[in-house]
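Chemist: Here you go, one structure.
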Amino acid sequence: MRFFTITRSRRATTGALALATGAVLALGLSACAPAGSADPELKSGDHEASIVDWRQSMDDCMLKAGFDLAQTSADGSPSESIDTSQWDMAAFDKAYASCTAEVGEAPVDDSVPSEDELFESQLIFAKCMRELGYDYPDPVKGSGGMGQAFGPETNGDDVDTCTEKANQAVESK
């Protein structure tokens, strides 16, 4: 999947790189937020195995309900996208709720930062960007992302520097 189009000018390429870096930061920070309660039977370090097991159980349950979430490509590899255009989405939502009740919520990795830690790292990132001379607002708590696009005038090294500061703050907790 392409997040940005490469252009011929260095300025546009730098801006696109900064935009992509910011998007990855925002998505990365928001994607790490816990989505539900952790399975009490999970042991530390077993998250990858438990998420695979949960995913298989959820896929099996949804398949029984008539929704194939584990579609494969012609070569047998997992499909990168699922065509939902033929699905009754109200029925899908009902089946998903039923399967979630049966299988449980997806396991949460206890090593991922909390929402408060993520918000704190977003504040650190925003402050760092301002210290480097950018007009960069503080994030809005609960918004799920940074909410700020980077223009062509943004230096990718500055974004990297501030990303590193924000990451260090979360990792040191």
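The values are calculated or read from the model by the stated rules, or taken from the named source; none is laboratory data. Not measured: the values here are computed from a predicted model. Because the Cβ atoms are built from the backbone with ideal geometry, glycine has one as well, and the counts that use them run over all protein chains shown. The accessibility values were calculated without ligands, DNA or RNA, using every heavy atom of the protein model including side chains. Shrake-Rupley method; radii C 1.70, N 1.55, O 1.52, S 1.80 Å.
Chemist: Output the qualifying pairs, or none if there are none: Cβ atoms under 9 angstrom, residues six or more apart or on different chains, first residue in region 149-173 and exposed (fewer than 12 other Cβ atoms within 10 Å of the Cβ), second residue of a type in the set (D, E, K, R).
Modeler: Pairs found: 153/11; 173/117; 173/120.
Chemist: Another question, then. Quick check, is residue 128 open to solvent by less than 70 Å² (accessible area, probe 1.4 Å) and either more than 30 Å from residue 152 (Cβ to Cβ) or among the β-branched types (Val, Ile, Thr) (or both)?
Modeler: Here the answer is no, as residue 128 does not meet what is asked.
Chemist: Quick one: is residue 156 small (Gly, Ala, Ser) and farther than 30 Å from residue 55 by Cα?
Modeler: In short, yes.
Chemist: Taking the residues in region 93-120 that are closer than 17 Å to residue 56 by Cα and among the hydrophobic types (A, V, I, L, M, F, W, C) as candidates, determine which candidate is surrounded by the most Cβ atoms within 10 Å (Cβ to Cβ).
Modeler: In this case the residue turns out to be 99.
Chemist: Quick one: how many residues across region 100-142 are touching a Phe, Trp or Tyr at 6+ places or on another chain (Cβ under 9 Å), more than 19 Å from residue 168 (Cα to Cα) and not in a loop (DSSP other than H, G, I, E, B)?
Modeler: The qualifying residues number 1.
Chemist: Is there a residue being part of a helix (DSSP H, G or I), of a type outside the set (Phe, Trp, Tyr) and at pLDDT 90 or above anywhere in region 43-53? Can you show your working first?
Modeler: Just the residues of region 43-53 that are part of a helix (DSSP H, G or I), to begin with: 47-53.
Cutting the leftovers down to of a type outside the set (Phe, Trp, Tyr) gives us 47-53.
Checking which are at pLDDT 90 or above leaves us with 53.
Yes: one or more hits.
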